[in-house]
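Report on one structure; see the data block that follows.
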Amino acid sequence: MPRPITQLCDDYAKRLKRHGGLEVIEIPEARADREREAGRRQAMADEAQRLLAKVPDGALVVTLDRGGKLIDSEAFAAQLGRWRDDGERSICFLLGGPDGLDDSVLTQARFSLSFGPMTFPHPLARAMLCEQVYRAVTILERIPYHR
(Lines give C-alpha, C1' and ligand atoms only; values in the text may rest on other atoms or scores of the structure.)
Protein backbone atom coordinates (compact mmCIF):
# COMPACT_ATOMS: atom_id res chain seq x y z
CA MET A 1 0.00 0.00 0.00
CA PRO A 2 1.46 3.41 -0.91
CA ARG A 3 2.60 5.24 2.22
CA PRO A 4 0.46 8.38 1.62
CA ILE A 5 -2.66 6.21 1.37
CA THR A 6 -1.74 4.33 4.55
CA GLN A 7 -1.16 7.63 6.34
CA LEU A 8 -4.50 8.98 5.12
CA CYS A 9 -6.41 5.90 6.29
CA ASP A 10 -4.53 5.95 9.61
CA ASP A 11 -5.54 9.60 10.06
CA TYR A 12 -9.24 8.79 9.56
CA ALA A 13 -8.93 5.79 11.91
CA LYS A 14 -7.38 8.05 14.56
CA ARG A 15 -10.21 10.58 14.16
CA LEU A 16 -12.79 7.80 14.47
CA LYS A 17 -11.38 6.30 17.70
CA ARG A 18 -13.71 8.37 19.87
CA HIS A 19 -16.69 7.48 17.65
CA GLY A 20 -16.49 3.70 17.79
CA GLY A 21 -13.28 3.16 15.88
CA LEU A 22 -12.17 1.98 12.48
CA GLU A 23 -9.89 -0.97 11.87
CA VAL A 24 -8.36 -1.67 8.46
CA ILE A 25 -7.33 -5.26 7.82
CA GLU A 26 -5.64 -6.14 4.56
CA ILE A 27 -5.22 -9.59 3.11
CA PRO A 28 -2.57 -10.25 0.48
CA GLU A 29 -3.74 -10.48 -3.10
CA ALA A 30 -4.02 -14.07 -4.29
CA ARG A 31 -1.26 -15.09 -6.65
CA ALA A 32 -2.70 -16.71 -9.74
CA ASP A 33 -2.58 -16.60 -13.51
CA ARG A 34 -5.09 -13.76 -13.83
CA GLU A 35 -4.70 -13.75 -17.61
CA ARG A 36 -6.82 -16.90 -17.78
CA GLU A 37 -10.45 -16.98 -16.66
CA ALA A 38 -9.88 -20.07 -14.52
CA GLY A 39 -6.98 -18.32 -12.79
CA ARG A 40 -9.10 -15.24 -12.08
CA ARG A 41 -11.92 -17.35 -10.67
CA GLN A 42 -9.50 -19.28 -8.46
CA ALA A 43 -7.86 -16.07 -7.20
CA MET A 44 -11.25 -14.55 -6.39
CA ALA A 45 -12.32 -17.73 -4.56
CA ASP A 46 -9.06 -17.75 -2.54
CA GLU A 47 -9.45 -14.07 -1.66
CA ALA A 48 -13.10 -14.64 -0.74
CA GLN A 49 -12.23 -17.41 1.69
CA ARG A 50 -9.58 -15.27 3.39
CA LEU A 51 -11.81 -12.18 3.47
CA LEU A 52 -14.76 -14.00 4.99
CA ALA A 53 -12.47 -15.57 7.61
CA LYS A 54 -11.68 -12.03 8.84
CA VAL A 55 -15.33 -11.01 9.30
CA PRO A 56 -16.12 -10.89 13.04
CA ASP A 57 -18.99 -13.07 14.25
CA GLY A 58 -22.26 -11.16 14.04
CA ALA A 59 -20.83 -8.32 11.94
CA LEU A 60 -23.00 -6.68 9.32
CA VAL A 61 -21.24 -7.17 5.97
CA VAL A 62 -21.13 -4.36 3.41
CA THR A 63 -19.41 -4.94 0.09
CA LEU A 64 -17.95 -2.36 -2.25
CA ASP A 65 -18.89 -3.36 -5.76
CA ARG A 66 -19.55 -1.37 -8.91
CA GLY A 67 -22.90 -3.15 -9.12
CA GLY A 68 -23.79 -1.91 -5.65
CA LYS A 69 -26.07 0.94 -4.69
CA LEU A 70 -25.07 4.47 -5.68
CA ILE A 71 -25.84 6.83 -2.80
CA ASP A 72 -24.63 10.24 -1.71
CA SER A 73 -22.83 10.99 1.55
CA GLU A 74 -26.00 11.99 3.38
CA ALA A 75 -27.76 8.76 2.42
CA PHE A 76 -24.69 6.76 3.46
CA ALA A 77 -24.69 8.52 6.83
CA ALA A 78 -28.41 7.85 7.23
CA GLN A 79 -27.86 4.14 6.46
CA LEU A 80 -25.06 3.90 9.02
CA GLY A 81 -27.32 5.68 11.51
CA ARG A 82 -30.15 3.19 10.92
CA TRP A 83 -27.80 0.27 11.48
CA ARG A 84 -26.49 1.91 14.66
CA ASP A 85 -30.05 2.54 15.87
CA ASP A 86 -30.96 -1.07 15.06
CA GLY A 87 -28.22 -2.21 17.42
CA GLU A 88 -25.55 -3.25 14.93
CA ARG A 89 -22.28 -3.34 16.89
CA SER A 90 -19.88 -4.12 14.07
CA ILE A 91 -19.94 -3.25 10.38
CA CYS A 92 -17.41 -4.91 8.12
CA PHE A 93 -16.72 -3.34 4.72
CA LEU A 94 -15.20 -5.70 2.15
CA LEU A 95 -13.25 -4.48 -0.88
CA GLY A 96 -12.22 -6.96 -3.53
CA GLY A 97 -8.99 -7.51 -5.38
CA PRO A 98 -8.28 -6.52 -8.98
CA ASP A 99 -11.03 -8.78 -10.31
CA GLY A 100 -13.64 -7.77 -7.76
CA LEU A 101 -15.45 -9.87 -5.19
CA ASP A 102 -16.43 -13.49 -5.58
CA ASP A 103 -20.14 -14.32 -5.49
CA SER A 104 -19.58 -16.13 -2.18
CA VAL A 105 -18.73 -12.74 -0.65
CA LEU A 106 -21.44 -10.76 -2.43
CA THR A 107 -24.12 -13.15 -1.17
CA GLN A 108 -22.98 -12.60 2.45
CA ALA A 109 -23.53 -8.84 2.20
CA ARG A 110 -26.52 -7.17 3.76
CA PHE A 111 -25.71 -4.10 1.64
CA SER A 112 -23.59 -3.47 -1.41
CA LEU A 113 -22.21 0.01 -2.00
CA SER A 114 -20.84 1.50 -5.21
CA PHE A 115 -18.56 4.47 -5.71
CA GLY A 116 -19.70 4.56 -9.34
CA PRO A 117 -19.25 2.64 -12.56
CA MET A 118 -15.57 3.54 -12.88
CA THR A 119 -12.84 1.21 -11.67
CA PHE A 120 -10.57 2.60 -8.94
CA PRO A 121 -7.21 1.32 -7.74
CA HIS A 122 -7.68 -0.59 -4.50
CA PRO A 123 -5.64 1.88 -2.40
CA LEU A 124 -7.73 4.80 -3.64
CA ALA A 125 -11.01 2.96 -3.00
CA ARG A 126 -9.82 2.17 0.53
CA ALA A 127 -8.96 5.82 1.20
CA MET A 128 -12.32 6.92 -0.23
CA LEU A 129 -14.14 4.45 2.03
CA CYS A 130 -12.27 5.59 5.14
CA GLU A 131 -13.08 9.20 4.30
CA GLN A 132 -16.76 8.45 3.66
CA VAL A 133 -17.10 6.58 6.96
CA TYR A 134 -15.57 9.57 8.74
CA ARG A 135 -17.80 11.97 6.81
CA ALA A 136 -20.88 9.89 7.69
CA VAL A 137 -20.00 9.99 11.39
CA THR A 138 -19.53 13.77 11.26
CA ILE A 139 -22.92 14.14 9.55
CA LEU A 140 -24.61 11.95 12.17
CA GLU A 141 -22.94 13.76 15.06
CA ARG A 142 -23.30 17.21 13.51
CA ILE A 143 -19.55 17.83 13.52
CA PRO A 144 -18.68 20.60 11.04
CA TYR A 145 -16.74 18.66 8.41
CA HIS A 146 -19.30 17.90 5.69
CA ARG A 147 -20.28 20.90 3.58
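The values are calculated or read from the model by the stated rules, or taken from the named source; none is laboratory data. The shown structure was predicted, so the numbers you read here are calculated from the model rather than taken from an experiment. Because the Cβ atoms are built from the backbone with ideal geometry, glycine has one as well, and the counts that use them run over all protein chains shown.
For the range 35-93, a tally of residues being closer than 15 Å to Leu113 by Cα and of a type in the set (D, E, K, R) returns 5.
If only residues of the range 95-122 that are modelled with pLDDT under 95 and part of a strand (DSSP E or B) are counted, the one that is surrounded by the most Cβ atoms within 10 Å (Cβ to Cβ) is Gly97. Residues that are under 17 Å from Glu88 (Cβ atoms) and in contact with a strand residue (DSSP E or B) (Cβ under 6 Å, 6 or more places away or on another chain) were ranked within the range 46-71; the one that is surrounded by the most Cβ atoms within 10 Å (Cβ to Cβ) is Thr63. From the list Glu131, Glu35, Glu74, Glu88, the one residue that fits, being within 18 Å of Leu16 (Cβ to Cβ), out of contact with any Pro (no Cβ under 9 Å at 6 or more places or on another chain) and loosely packed, with under 15 Cβ neighbours inside 10 Å, is Glu88.
Which residues, counting only those in the range 8-24, are part of a loop (DSSP other than H, G, I, E, B) and surrounded by fewer than 17 Cβ atoms within 10 Å (Cβ to Cβ)? Write out each step before concluding.
Restricting attention to the range 8-24, the residues satisfying the condition of being part of a loop (DSSP other than H, G, I, E, B) are 20-24.
The answer is Gly20, Gly21, Glu23, Val24.
Scanning the range 90-147 for residues that are aromatic (Phe, Trp, Tyr) and under 30 Å from Ala38 (Cβ atoms) returns Phe93, Phe115, Phe120. Only residues that are touching a residue at least 12 places away in the same chain (Cβ under 8 Å) and in a helix (DSSP H, G or I) were counted in the range 79-94, giving 5.
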